[in-house]
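Please treat every number below as a calculation from the coordinates, not as lab data. No experiment lies behind these values; they were computed from the predicted model shown. We place every Cβ from the backbone using ideal geometry, glycine too, and count neighbours over all the protein chains shown.
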Amino acid sequence: MILYSHPFSGNGWKVRLFLSMIGQGCEIRTVDMPGGENRSPAFLALNPRGQVPVLQAPEGVLWDSQAILVYLAERHASDWAGRDAFERAAVAQWLSFSAKEVATGLQALRLHRLMGRPLDVPAATATAEASLAVLEGWLATRDWLVGDHPTIADVAVYPYVSMAGEAGLSLEAAPAIRRWIARIVALPGYLPMAG
């Protein structure tokens, strides 16, 4: 397998993090995003969206971080995908949360602050704050997002939440989220963002 990523991509980080946690080897190729490599014909042939991460797997190419996590879990660490039909559905629920609420709130604010991406800051801030409130309420009574064990739901939601400071938001008033972050950091194979 080959993972095309960038060291500072939160979506790329979630895939690299999961690979490390499950002890799965993978060649990692850095895509020169500032240099425009992601807009080159060769890269667009892999991912017409021009984004990272992209996973070149034996069966074909996947270019969405949530889809890549599902594939890796199903192929290499099935407990992480959910242990039964209900858990798998609950995992899918949080993958959607990551792809919508987290992406349009925390991720968008981080990209705006770090790279100057145009953004409706008040709307993104409201989405981010609402997402953090949902997460804080959920984690107040449980250790993990789904069931009694970590899943790809935790891996999908974790990166941009853990980088809330880079989005201009504080987790000071979110003790349940901070405890959850500490549990993830303590997992075997944890990998910091820059690797």
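Before moving on, here are some points about what is shown:
- The mean sequence separation of alpha-carbon pairs under 8 Å and at least six residues apart, normalised by the residue count of segment 91-163, gives a relative contact order of 42 percent.
- Pairwise label distance in nanometres, Thr141 with Leu119, each label 7 Å out on the Cα-Cβ vector: 3.2
- Fluctuation leader among Gly105, Gly36, Gly50 - the chain, Gaussian network, Cα springs under 10 angstrom: Gly36
- Across the chain, C-alpha contacts under 8 Å between residues 6 or more apart give a mean separation that, scaled by the residue count, equals a relative contact order of 26 percent.
- About the centre of its Cα atoms, the chain shows a dipole size close to 260 debye [charges on the beta carbon of Lys, Arg (+1) and Asp, Glu (-1) only; nearest 20 debye].
- Normalised radius of gyration (Cα atoms, divided by 2.2 N^0.38 Å) for segment 48-94: 1.24.
- Structure-based [θ]222 nm, the chain - -39500 (n - 2.57) summed over DSSP H runs of at least 4, per residue, nearest 500: -14500 deg cm²/dmol
- GNM result for the chain, Cα springs below 10 Å: residue of Leu139, Leu114, Leu72 fluctuating most strongly: Leu114
- Of all DSSP beta bridges in the chain, antiparallel share, percent nearest 5: 60
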